[in-house]
Amino acid sequence: MAIKNITTISNETKGEIEKNIHLMEHVPESEIIADLVYTAKSGTPLLKIGRGFPKVMITAGIHGNELPPQVAAVRLIGELSNQDLNGTVYIIPFAVPHATMENSRRFKGVDMNRAASKGGFISNNILNAIKDLKISAAGDFHSTKPGSNPGVESVFCSKSPCYKSYLIAKYITESTYSKIICHKEAGALYNGALEDECNLEGVPAVTCEVVSQNGLITNEGHERSYLQMISYLKYFDII
């Protein structure tokens, strides 16, 4: 069985996840998931599973109302907890518990996926944790509503300064039939996305999107997000 432990990154984000009934209808019951939901009352939970290298991170819930990846993350935790892994997986299933509790895209009026470059915001705290833990790569998982940007199941990446970002995205899109959206330079479109800031810091990262209405969840949505997460881990031969 994989070694695991839970810590918190920031107590400013604390929230009662169980108040989001749309999310909890799909969250499986287990001791480890109950521990994560309880930990979220104190702040952003960070779960470590496994040991050794490579060390990768999976984040979900940067936008609290994007529910499929958060459900996918807790499902993944249940699966990985009973496996022997070829490395270490750090998982943040609820990046902003308070926003998830309120089913809100923003936290204190701020889009956390535009704030990873700014001190004092949880996305920046996550970026610092990635650097401090010497994470090999990061995957940030989201959902996009139909008709929005991008509005389709996809994986964002860039080729510079971390070409491996593109290679990870190419692998995931080829195995899941998602669309690849690649920029030549990280941060070329806008500043502050966790994926872009990781790449600019030399940590290859991707953003994975599945299609779902904001604040709602379908079995297909979280299943597709789960498959993206599995593909991401398989790229590194962790599972």
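Pick out the one residue from Cys162, Cys198, Cys182, Cys157 that is touching a helix residue (DSSP H, G or I) at 6+ places or on another chain (Cβ under 8 Å), surrounded by 20 or more Cβ atoms within 10 Å (Cβ to Cβ), farther than 23 Å from Ala95 by Cα and touching a residue at least 24 places away in the same chain (Cβ under 8 Å).
Exactly one of Cys162, Cys198, Cys182, Cys157 is touching a helix residue (DSSP H, G or I) at 6+ places or on another chain (Cβ under 8 Å), surrounded by 20 or more Cβ atoms within 10 Å (Cβ to Cβ), farther than 23 Å from Ala95 by Cα and touching a residue at least 24 places away in the same chain (Cβ under 8 Å), namely Cys162.
Can you pull out every residue in the stretch 20-37 that is surrounded by 13 or more Cβ atoms within 10 Å (Cβ to Cβ) and more than 16 Å from Ala72 (Cα to Cα)?
Listed by number, the list holds a single entry, Asp35.
Quick one: in the stretch 130-154, of everything that is part of a strand (DSSP E or B) and over 16 Å from Met57 (Cβ atoms), which residue is nearest to the chain's Cα centre (by Cα)?
Ser143
Report, by residue number, each residue of the stretch 162-189 that is over 20 Å from Tyr232 (Cβ atoms) and part of a loop (DSSP other than H, G, I, E, B). Please lay out each step first, then the result.
Within the stretch 162-189, the subset over 20 Å from Tyr232 (Cβ atoms) is 184-185, 187-189.
Matches in the stretch 162-189: Gly187, Ala188, Leu189.
For the stretch 88-136, name all the residues that are under 19 Å from Leu76 (Cβ atoms), small (Gly, Ala, Ser) and surrounded by 24 or more Cβ atoms within 10 Å (Cβ to Cβ).
If the condition is that a residue be under 19 Å from Leu76 (Cβ atoms), small (Gly, Ala, Ser) and surrounded by 24 or more Cβ atoms within 10 Å (Cβ to Cβ), then Ala95 is the only one that fits.
Would you please name the residue that is surrounded by the most Cβ atoms within 10 Å (Cβ to Cβ), looking only at residues in the stretch 45-82 that are in a helix (DSSP H, G or I) and either touching a Pro at 6+ places or on another chain (Cβ under 8 Å) or on the phi > 0 side of the Ramachandran plot (or both)?
Checked the stretch 45-82; the qualifying residue surrounded by the most Cβ atoms within 10 Å (Cβ to Cβ) is Gln70.
Give the residue, chosen from Leu189, Leu167, that is at pLDDT 95 or above and over 18 Å from Ala72 (Cβ atoms).
Only one candidate passes the filter, namely Leu167.
The values are calculated or read from the model by the stated rules, or taken from the named source; none is laboratory data. Everything quoted here is computed from the prediction, not taken from an experiment. Note that each Cβ is placed from the backbone with ideal geometry, even for glycine, and that neighbours are counted across all protein chains shown.
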